[in-house]
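What follows is a single structure, written as structure tokens, with notes after it.
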Amino acid sequence: MQIDLMSLPYFAYGSNLDSRDWKVWCGENAVDCGPLRPIMRAFALDHRLVFGKHSTGRGGGVADIRPAPGHVVEGMLFRLTPAQRAALDRKEGVAARHYEPVAITVQDEGGEVLHAMTYSVTVVQKRVHVEPHPSYLGILSRGLAERGLCPVTPWAVAEQKGRGAAPVDGVFVYGALLSGESRAAVLPVGAVRRPAAIRGRILDCGGFPGLVAGPNGLVRGEFVALDDLERVIPMLDVVEGYDPPMQTSENRFKRRLVALSGDGGAVKLAWSYRLARPMAVQPVVQSGDWMFHRGQPRLADPVLRETRFPHAREVAWALAEVARLKVLVADRPRLFGYVHKTCFDKGTFWRGADVALIGDRAAGGPAPGRDEGVATPYAAEFSGLFVLCQTVLAATDPRFGLRRVFLQMAQEIGAGKGGFADQAAAALAHIETALRAVEAQDHGGDGA
């Protein structure tokens, strides 16, 4: 099927998310076509983010998305005018064969799957990995935060040289893939499984269940954490009768993203397989529990539940990002040392709006422009953590008054005990406490 690229919405995943960078480019190139108008957030399905092209203007690697089963790239859909499309072609170097417009499949935040146009590096320009300049990473982080997306992603991808963990954390299962069931062995032995529930209904398809949409129902199952998506997801696609290139009408099931919340506010992305062609004759499993429907004990109460994606400037968004940082502190401490080294060894100081960075140089002594220093053997890691913290806080509503709380973190770190993870958790708890106080104030009423 031939797709008309001009009729598709534009999916942005890199520097074009940042309205400031777009405005600067337009001014420098005498382009007057107005700001890009966002539609909604979306995910490029079965693609991964890489820094796989060198840019002289950016001083290093620049972003690209490439096919990768089970992975997704977070971005934003925009509605473009003809003049904006022409300007983007020019900005992305289409005529010089730097990038080219391509059609991809995306899922919007409402769960709908559609085609979109984006820019991908041409074959002649592709590289495995090119180290991006920290100023470029700062632009990407700022743009992601502006749109209510995760600002940590570019740093994590760069630190892993494109081989980092995917934004998708696992898969939600509710039938034959449950623990002890007939197809459980398809999933990795020893994979962490946690009780979970998502919105919808289960239909009894005669020996197997089928998940369908339903805002008032709750389907019980398990969240299964996956480390090797590119190996496991294609196997699951075969088991569930899903072929991504095919039309929905030709598939038995369709694979869709769902967000799960738990673990102190951290949001996990999971794949779920949903019935592609439900029929009216298929009875509804009223309990939403396939095991109970078959006369077995009920599944455990969920610890992870489906949630919506909070937007930037909301307290919920900042809380979710702080929860994400807490997980990274425990699982990926080297990331923060990388951020410090990238920023300070290359002479770049990423300020992030009006929030001040705190931390010491690895060699000792505060960096220029910093409000306070931090006396800790983990100064480099903390300065990297603060770079990412301030990117989140700079995107929140100024009325939250989080600058003062951010500065107070230095005192707690100086008095902290234990290793980096212990001290970082204590410091992040200050931000979390302040955010929850704002949340409680927002939800409070005026009446008594």
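Computed extension length for A330-K23: 106.7 nm, one decimal, from 0.36 nm per residue of separation with the Cα-Cα distance subtracted. When W22, W155 are arranged by Cβ crowding within 10 Å, least crowded first, meaning fewest neighbours, the order is W22, W155. Kirkwood-type hydrodynamic radius, the stretch 197-311: 15.2 Å, calculated from all non-identical alpha-carbon pairs. Taking the number of Cβ atoms within 10 Å of each Cβ as an exposure proxy, the fewest-first ranking of T307, T56, T433 is T56, T433, T307. Taking the Kirkwood radius as Rh and the Cα radius of gyration as Rg, the stretch 59-119 has a ratio of Rg/Rh equal to 0.98.
Residues of the stretch 1-19 falling in the label zone of A103, defined by backbone nitrogen less than 15 Å from a point 7 Å along Cα to beta-carbon, are 1-11. Expressed as a whole number of Å, what is the distance separating the alpha-carbon centroids of the stretch 15-46 and the stretch 264-304? Centre-to-centre distance over Cα atoms comes out at 40 Å. Tell me, how many Å apart are the Cα centres for the stretch 123-143 and for the stretch 206-259? Cα centres, the stretch 123-143 to the stretch 206-259: 33 Å. Exceeding 22 Å between C-alpha atoms, which entries from my cross-link table qualify? They are K126/K254; K254/K326; K53/K326; K53/K268; K126/K161; K268/K326. Pairs exceeding the cut-off: K126/K254; K254/K326; K53/K326; K53/K268. For the pair R127 and V189 in one chain, pulling the backbone fully straight at 0.36 nm per residue adds 18.8 nm over the alpha carbon distance. Simple point charges give the picture: +1 on the Cβ of Lys and Arg, -1 on the Cβ of Asp and Glu, and for the stretch 157-255 a dipole about the Cα centre of about 240 debye. Charge tally for A213 (other residues, Cβ to Cβ under 12 Å; Lys, Arg +1; Asp, Glu -1): +3.
Calculated FRET efficiency, R277 to A83, Cβ-Cβ distance, R0 = 45 Å: about 0.60 to the nearest 0.05. Would you work out the relative contact order for the stretch 5-159, in percent, from Cα pairs under 8 angstrom that are 6 or more residues apart? Reported relative contact order: 31 percent.
Cβ crowding within 10 Å, taken as a proxy for footprinting-reagent exposure, orders T105, T81 from fewest neighbours to most as T81, T105. Cα convex hull, the stretch 5-159: 107 Å³ per residue, rounded to a whole number.
Each label point was placed 7 Å from the Cα along the Cα-to-Cβ direction; for D32 and R252 their separation is 6.0 nm.
We did not get these values from a lab; they are worked out from the coordinates using the rules stated. This is a predicted model, so every value here is computed, not measured. Cβ coordinates were reconstructed from backbone atoms using ideal geometry, including for glycine residues, and neighbour counts include every protein chain displayed.
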